[in-house]
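The values are calculated or read from the model by the stated rules, or taken from the named source; none is laboratory data. In this text, all values refer to a predicted model and were calculated from it rather than measured experimentally. No Cβ is skipped: glycine too gets one built from the backbone with ideal geometry, and neighbour counts run over all protein chains shown. To get the accessible areas, we keep the full protein, side chains included, count just its heavy atoms, and leave off ligands, DNA and RNA. Shrake-Rupley method; radii C 1.70, N 1.55, O 1.52, S 1.80 Å.
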There are 2 protein chains.
Amino acid sequence: MDQEILKKYSNVDECPVRNVLDRIGNKWTLLVLLVLEEQQVLRFNELHTYISTISQKMLSVTLKSLEADGLVKRTIYPQVPPKVEYELTARAQSLLPLIHNLVDWSKTHINAIKTSRKHYELVTRK
Amino acid sequence: MDQEILKKYSNVDECPVRNVLDRIGNKWTLLVLLVLEEQQVLRFNELHTYISTISQKMLSVTLKSLEADGLVKRTIYPQVPPKVEYELTARAQSLLPLIHNLVDWSKTHINAIKTSRKHYELVTRK
DNA sequence: CTGTATCCCGTCGGATACTG
DNA sequence: CAGTATCCGACGGGATACAG
């Protein structure tokens, strides 16, 4: 890993994994992906019902960025009232196993991590 | 995935993977982990040299949170001038394969993703 | 050498109200 | 039903200066 590579990894635009982490790292993206994986096809308000604590604004923003990255397919049915369906793309399907690995690792280690945090807080307290 | 589970996944404190993503999702954590993996043991300023674009403040903050989570071990040598060494823990070693999977997936798909983003921008432009 | 302390700004995300 | 528009507070992260 030379200096050239490091510079690229420091740059959000040039670093591939930063491009991905900047998406799934934000507050709601992962949850939307997991719900869509399980339910397969959902309308906007159905998603909102499943993830009731998300605001309309953030659900909209999250879905748009997922659509922009080609991870979610959005289908509009031209009718009144409007009907819009969301579903995962093949690209998202290929990412989901890695996400599940992360979820599993987190579940396995979260207790030890929280214990570490408490201990760290104690020993660093003045 | 029932409502109870979803509420937990919406809550940063209760959701295991959010606890992990909130760490590796920030700007510098991943890069620090990868450099430490390759170099094994580094002092503060050596890390700063490898990752020259990080500010002293953020390097300090990033290392502290990694240490708090038990992902990095910090060793102080009581001498003047001070010498402090950082190295990965076994916990971090167990996480790194998943990170490499993410890096690989990102490298594989980043071009297609960027193409999708450009296309999305075009079709949504007024 | 290994950090802290301030100040400051941009972005993320929440609340609320409004629209085709 | 499926969003947008607006306002606003909190927080991540950069620049700079200082300290043990």
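Sum up the lysine pairs in segment B:19-126 that clear both bars: alpha-carbon distance under 28 Å and a spacing of 8 or more or different chains.
Lysine pairs meeting the criterion: 15.
Just going by the charge dipole of the protein assembly as shown, with Lys and Arg at +1 and Asp and Glu at -1 on Cβ, which of A:Leu96, B:Gln56, A:Pro78 is farthest out on the positive end?
B:Gln56
Would you tell me the accessible area of B:Thr108, worked out with a 1.4 angstrom probe on the heavy atoms of the protein chains, in Å² to the nearest 10?
Using a 1.4 Å probe on the heavy atoms, I get roughly 100 Å².
How far apart, in nanometres, would the label points at A:Gln39 and A:Val84 be if each is projected 7 angstrom from Cα along the Cα-to-Cβ direction?
Result for the modelled spin labels: 1.5 nm.
Can you pull the Rg over Rh of chain B, Cα-only, Kirkwood?
Taking Rh as the inverse mean 1/r over Cα pairs, Rg/Rh reads 1.09.
Express the relative contact order of chain A as a whole percentage, based on alpha carbon pairs under 8 Å and six or more residues apart in sequence.
Relative contact order comes out at 19 percent.
Could I have the simple spin-label model distance between A:His119 and B:Glu121, label points 7 Å from Cα toward Cβ, reported in nm to one decimal?
Result: 4.7 nm between the two label points.
For n ≥ 4 DSSP H runs only, could you compute -39500 (n - 2.57) per run for chain A, divide by its residues and tell me the 222 nm figure to the nearest 500?
The helix-only estimate for chain A comes to -21000 deg cm²/dmol at 222 nm.
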